[in-house]
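**Student:** Here it is: the structure, laid out below.
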Amino acid sequence: MIAEYESWIGKKEVHADQLTEINSTRLHYSLNLTGKPPSYGEPIFPLALLMLGEPSVPPDEVGIDGHPARGDFMPPVPLKRRMFAGGEYEFFQPLRVGDQVNVLWEITDIKRKKGNSGELVFVNILREFWVKETLYASENRKIVYTDSDPNSRPLTAPETIGEWNEEMRTNSLQLFRYSALTFNGHRVHYDQPYATQVESYPGLVVHGPLLATWLSLFAERKSGRRLNKFSFIGKRPVFDLHHFTLSGENSGNDSAKLCVLDHQLQIAVTAEAEFFPKN
């Protein structure tokens with residue numbers, strides 16, 4: 001715990017939301033998924049919950065990066081860059097199109113670390129997704145703040161592509177649509193001059209949660225199984241400039257290990273999936 005941010009530990013908010021049919025359809029087509037989008041009352045894929053419960057603030061309460069200004073719910077960390085560093089998810093039962101969902105937020109921990117590239121501040125957030133009196137899913141979200149140079153990561157030996165693999169590309173339109181659907185205002189995902197000139201990235205950054213969403217769908221598709229738990233950790237950014245590869249394989253009877261490899265076969269995201277047991 002960091003003393004100056006101690007009063008933020010345990011801070012809570014609740015956001016009422018709805019998994020609407022129009023947004024479910026828009027997400028389906030924005031991700032270029034096959035088949036028909038789910039209709040009212042039908043289940044939607046697990047990480048569609050990332051559309052739900054994000055805070056809304058007026059324009060004058062938005063920071064330069066596009067997120068709500070720090071110092072209200074999130075602590076006033078002075079480090080310039082903010083990233084979604086990872087998440088752990090448990091899915092108890094599927095959310096359905098039309099569900100009214102209360103999303104509970106709670107800051108559970110704040111830690112400072114020293115890395116090779118300088119100071120890092122991690123903020124851990126628990127989010128719970130409730131429909132009436134039933135808990136449908138939980139998320140342990142990790143946000144990191146840093147002043148590090150995003151181009152300072154050294155290259156390592158190329159990784160081997162797994163048994164399951166799929167090459168993908170994205171573009172500015174898809175990134176903008178995903179930002180809108182998840183109400184993620186971070187400008188690195190859709191504002192190219194801001195991403196390159198202010199935060200010093202070479203191009204638009206692909207959202208970590210979007211890469212995680214693709215990995216979760218990939219895991220269900222390749223295994224033919226339904227997710228019970230899913231976790232991911234961001235290792236290095238992926239940009240709209242190049243292709244990337246989803247990679248994975250079974251790691252047990254009810255589990256799989258997965259990753260996103262960038263165009264240089266560097267690990268960008270690692271992930272683990274646990275499936276509900278076979279009937």
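No lab work stands behind these numbers, since they all come straight from the coordinates. Note that this is a predicted model, so its numbers are computed, not measured. Here the Cβ is made from the backbone with ideal geometry for all residues, glycine too, and neighbour counts use every protein chain on show.
**Student:** By a straight-distance test (C-alpha under 17 Å), which lysines pair with Lys235 as possible cross-link partners, with residues fewer than eight away in the same chain excluded?
**Tutor:** Correct list for Lys235: Lys113, Lys114, Lys142, Lys257.
**Student:** I'd like the FRET efficiency for Ala180 and Leu155, computed as 1/(1 + (r/R0)^6) with the beta carbon distance as r and R0 of 25 Å, rounded to 0.05.
**Tutor:** For R0 = 25 Å, the calculated efficiency reads 0.15.
**Student:** Could you tell me the distance between the Cα centroids of the range 135-168 and the range 75-133, to the nearest Å?
**Tutor:** 16 Å
**Student:** What order do you get for Leu31, Leu204 when you list them from fewest to most C-beta neighbours inside 10 Å?
**Tutor:** Fewest to most other Cβ atoms nearby, the residues stand as Leu31, Leu204.
**Student:** Hey, another quick one. Can you list the residues, at least 5 places off or on another chain, whose amide H is less than 5 Å from the amide H of Gly86, using H built in the peptide plane?
**Tutor:** Answer set, sorted by chain and number: Lys142, Gly234.
**Student:** Which distance in nm do the two modelled labels at Val198 and Asp254 give, with both placed 7 Å along the Cα-to-Cβ direction?
**Tutor:** 4.6 nm
**Student:** Here's another thing I want to ask about it. Suppose every K and R has +1 on its Cβ and every D and E has -1 on its Cβ; what is the size of the dipole of the range 1-75 about the Cα centre, in Debye to the nearest 20?
**Tutor:** For this selection, approximately 340 debye.
**Student:** Also, I was wondering about something else. What is the packing order of peptides 212-220, 174-182, taking the mean over residues of other C-beta atoms within 10 Å and listing the highest first?
**Tutor:** Top of the packing list down: 212-220, 174-182.
**Student:** Okay, next question. At 222 nm, what value in deg cm²/dmol follows for the chain if DSSP H runs of at least 4 each add -39500 (n - 2.57) and the sum is divided by all its residues, to the nearest 500?
**Tutor:** Helix contribution divided over all residues of the chain: -4000 deg cm²/dmol.
**Student:** Let me ask something else. How long are the three semi-axes of the equivalent ellipsoid of the range 1-83, in whole Å, if each is the root of 5 times an eigenvalue of the C-alpha gyration tensor, listed from largest down?
**Tutor:** Equivalent-ellipsoid dimensions as semi-axes: 33, 15, 12 Å.
**Student:** Can you tell me how much longer the chain between Glu133 and Lys11 gets when fully stretched, taken as 0.36 nm per residue apart minus their C-alpha distance, in nm with one decimal?
**Tutor:** 41.8 nm
**Student:** How many percent of Cα pairs in the range 139-279 exceed 17 Å?
**Tutor:** The share of Cα pairs beyond 17 Å in the range 139-279 comes to 62 percent.
**Student:** Also: Among rounded, prolate and oblate, which fits the chain when a ≥ b ≥ c are the square roots of the eigenvalues of its C-alpha gyration tensor, a/c under 1.5 means rounded, and a/b larger than b/c means prolate?
**Tutor:** Rounded shape, in that the Cα axes give a/c under 1.5.
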